[in-house]
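The values are calculated or read from the model by the stated rules, or taken from the named source; none is laboratory data. Only a predicted model underlies this, so the values are computations on that prediction, with no experimental measurement involved. For neighbour counting, all protein chains shown are included, and Cβ atoms are generated from backbone atoms with ideal geometry for every residue, glycine included. Each accessible area value is taken on the protein alone, full model and side chains, heavy atoms only, with ligands, DNA and RNA left out. Shrake-Rupley method; radii C 1.70, N 1.55, O 1.52, S 1.80 Å.
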Amino acid sequence: MKTVIIIPTYNERANIGPMLAALQKQFIGMAHDMHVLVVDDSSPDGTADVVREVQQRCANVHLIMGQKAGLGVAYIRGMTHAMTDLQADVVFEMDADFSHKPEDVPRLMKEIDHGADFVIGSRYVPGGTIPKEWGLLRKLNSWGGNLVARHVAGIPRVRDCTAGFRAIRTTLLKKIDFNKLRVQGYGFQVALLHAAVVRGGRVVEVPVDFIDRTHGESKLGLRDIFEFVLNAWWIRYNSLKTFIKFLITGASGVVVNLGMFTLLLAMGMNKYIASPIAIEISIISNFLLNNYWTFRWRNAKGGVRQKGLKFNAVSILSLGLSYGTFVGASIAFPELPPQLNQFLGIIPATLVNYFLNSYWTFKHVEPGRGE
Ligand code: GDD
Ligand code: MN
């Protein structure tokens, strides 16, 4: 697999040379076609000159230049270049400053080999560590960031949502519209992770030691923190919007179901025939609404056919369940109005529908291994 390690740099002159050398050393033992892409924002300290010098000797080192507009913007440019120009199958995110150990690259890659789509070098799973030197404020900052990401943005199953050391399959990345992420700074990490999770990416966390940098300084600023928190709430608001659309769709299905049923009865149809017809019509209207309205953005690329087939299978099952309940209830309570028995059938069908479509058809969170 062609793998591109993307390293954004801003004033990393002292770090980038040793980092490129350390990575090349790791690549020797690896079975994949390993490349590095440095995304430098015209660092005034001449970081790019060091990279160009290495490029004389190493054909697998690439460089793109830009203007400083934040970590997220740099990553988006790097990932786009890696996917289109370099045709990468896998991309890594990694810092230039040795906070992420080059020796851990093969460990993250191994999880990709085992089928993961999104591998996180995690400080917060058993075995992972943060620097002993970190003071209380720094710890609280990192802990608070993860708290907000997990419980505001809604990625509770991932322990280290803000990590900047990750390996991602481009098949997953291509499903994500970068323009919709709306983040420029460090908030990109959480925005990308969230987008990957809702698109059904298989997330795995691998414990790593996070090392404090010895050269240069962190570029994380107040603006990044502000954007980060705002973005977490934005994500939450959007998920809520999807959920509300899902409920409206469900309610409209109930109206369609009972309305059709009443109409067919009025036309003189036998209730045991009118029931499955009304159920089927409401399933189709739910399917159309969910696909072209509620989850429209999840339909972006690929998998539509497979999703359609899965939805069909779920529908047949819930039709059987709904009709079975109607027949059972009609026999058990013949004195009840048929509409009430038809309504009883909606309840188990809705539950099964929800779970199967949410966890299978529109697969949601995949719990990380080793949790
Ligand atoms: N091109 C470019 N443009 N590179 C940038 C920019 C930018 O605007 N801002 C930062 N970088 C580069 C740095 O030069 C470094 O190689 C890498 O991105 C990470 O920046 P640091 O400044 O070292 O980040 P950090 O150590 O504070 O944050 C790390 O941990 C965070 C979680 O605690 C990073 O791994 C973050 O991605 C991560 O969210
Ligand atoms: Mn760093």
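List of remarks:
- Relative to the longest principal axis of the Cα atoms of the chain, the long axis of helix 136-148 lies at roughly 30 degrees.
- For ILE7, distant residues with modelled amide H under 5 Å away: LEU37, VAL38, VAL39
- Karplus-based coupling profile of segment 97-107, in residue order and whole Hz: 9, 6, 5, 10, 6, x, 5, 7, 4, x, 5, with θ = phi - 60° in 6.51 cos²θ - 1.76 cosθ + 1.60 and x standing for Gly or Pro.
- Label positions at ARG138 and THR262, each projected 7 Å from the Cα along the C-beta direction, are separated by 6.7 nm.
- Placing pseudo-labels 7 Å out from each Cα toward the beta carbon at HIS32 and ASP113 gives an inter-label distance of 1.0 nm.
- Computed from the Kirkwood radius of its Cα pairs, the Stokes-Einstein diffusion coefficient for segment 9-67 at 37 °C and 0.692 mPa s stands at 280 µm²/s.
- Tensor-based shape of the chain (alpha-carbon gyration tensor, a/c under 1.5 rounded, otherwise prolate or oblate): prolate
- Where a label projected 7 Å from the Cα of CYS58 along Cα→Cβ would reach, residues of segment 86-111 with amide N under 12 Å: 102
- Label sites at LEU147 and MET1, each approximated as a point 7 angstrom past Cα along Cα to Cβ, lie 3.5 nm apart.
- Solvent exposure of the chain, expressed per residue, is 48 Å² of accessible area, with all protein chains present and a 1.4 angstrom probe.
- In segment 1-159, lysine pairs with alpha-carbon atoms under 28 angstrom apart (chain gap of 8 or more, or interchain): 13
- Each residue of segment 309-317 was assigned a 3J(HN,Hα) from its phi angle through the Karplus curve 6.51 cos²θ - 1.76 cosθ + 1.60 (θ = phi - 60°); the sequence is 5, 4, 4, 4, 4, 4, 4, 4, 4 Hz, with glycine and proline shown as x.
- In this structure, the amide hydrogen of SER122, modeled 1.01 Å from its nitrogen in the peptide plane, lies closer than 5 angstrom to those of VAL206, VAL208, counting only residues at least 5 positions away or on a different chain.
- The angle between the Cα long axis of helix 188-198 and the longest principal axis of the Cα atoms of the chain comes to about 30 degrees, rounded to the nearest 10.
- Chain lengthening between LEU240 and LYS25 when straightened (0.36 nm per residue, less Cα-Cα): 72.7 nm
- A Förster radius of 30 Å combined with the Cβ-Cβ distance from LEU317 to TRP233 puts the calculated FRET efficiency at roughly 0.20.
- Percent accessible area from carbon and sulfur atoms, the chain, protein chains only, probe 1.4 Å: 64 percent
- Dipole axis of segment 2-220 (+1 Lys, Arg; -1 Asp, Glu on Cβ), positive-most option in GLY144, THR84, ASN15: GLY144
- 0 to 90° range, to nearest 10: angle between helix 71-84 axis and the chain longest Cα axis: 80 degrees
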